[in-house]
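A short worksheet on the structure shown next.
The values are calculated or read from the model by the stated rules, or taken from the named source; none is laboratory data. In this text the structure is predicted, and so the values were computed from the model without any measurement. Here Cβ is always computed from backbone atoms with ideal geometry, including for glycine, and neighbour counts include all displayed protein chains.
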Amino acid sequence: MSRYKLTIEYDGTNFAGYQVQPLKRTVQSELEDALTKIYGEKVPTFASGRTDAGVHALGAVVHFDAPKQIKNNVQDALNSFLPADLKVVKAEQVGDDFDARFSTKKKTYGYKFYLSRYERPLFENKALRVNDNIDIGKIKEACKYLIGKHDFTSFVARKSGKTDFVREIYDAEIIKTGDSEYMFKISGNGFLYNMVRIIMGTLLFVGSGKFAPEDVKKIIDAKDRRLAGKTVPPHGLYLLSVEYC
């Protein structure tokens, strides 16, 4: 039996999230259906994390144990059965001690948004439209307060079910990706349920003048979800990469 690490990319628009759900189309169900066709039996997969409905991924990681060898290249075989909005970008054989979830050392997410008075058709389901009176400079200033090890209780959905809210953020920045187009990029050792989307909503409050940049630190210290900004929609969120030792 051989263990494989898959790096997958998907457009989350028409998925009900990553994890298998009854009577719903999910990334995991599509992936496991393709594996069943290749190996002739059910093959469970284990992911670096779960994404919600509408969230995209450029570098999500999954592992599975192949019950037997096949003649074809694993990546090619899988992609021949996977739909157009889900593909394997890399497949590699790894040791049995590799675990897509528990071996993770660093994750990086990006949230795409653009400044415009009107919706732009090519950004539908791919980025959030934000009014063009946002102060990007203030948002950049606020990002520095996120870096470090903090209790992120203020930035987690109440239904997360977690009891440990301490996470370490290695980097947080705003990157200009085009004309009036931006990405909030954040890296850390792990993220809580809706954490990136709540942080993004809070940063947009900073950009609009509802919060001052230094208020981000006060919100972190308060450990109170009610003080943070809104949870922005999922369609601007991307799992960019997962790194391992």
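Out of V166, V232, I need the residue that is β-branched (V, I, T) and touching a His at 6+ places or on another chain (Cβ under 8 Å). Which one?
The conditions single out V166.
Going by the conditions given, is K144 assigned by TED's automatic domain parsing to the domain that holds N189 and farther than 23 Å from P233 by Cβ?
yes
Examine the range 53-66 for a residue that is farther than 25 Å from K24 by Cβ and surrounded by fewer than 15 Cβ atoms within 10 Å (Cβ to Cβ), and state whether such a residue exists.
The answer is yes; a qualifying residue exists.
Which residue out of F113, F123, F191 is surrounded by 13 or more Cβ atoms within 10 Å (Cβ to Cβ), under 25 Å from D221 (Cβ atoms) and assigned by TED's automatic domain parsing to the domain that holds Y238?
F191
Identify, from the list K105, K68, the residue that is farther than 28 Å from G209 by Cα, out of contact with any Leu (no Cβ under 8 Å at 6 or more places or on another chain), of a type outside the set (S, T, Y) and at pLDDT below 95.
Exactly one of K105, K68 is farther than 28 Å from G209 by Cα, out of contact with any Leu (no Cβ under 8 Å at 6 or more places or on another chain), of a type outside the set (S, T, Y) and at pLDDT below 95, namely K68.
Let me spell it out: the conditions are (1) part of a strand (DSSP E or B); (2) hydrophobic (A, V, I, L, M, F, W, C); (3) touching a helix residue (DSSP H, G or I) at 6+ places or on another chain (Cβ under 9 Å), and I175 meets all of them except one. Which number is the exception?
The one condition I175 does not meet is (3).
Given the criteria more than 16 Å from P234 (Cα to Cα), in a strand (DSSP E or B), among the charged types (D, E, K, R) and more than 16 Å from the chain's Cα centre (by Cα), does D76 qualify?
no
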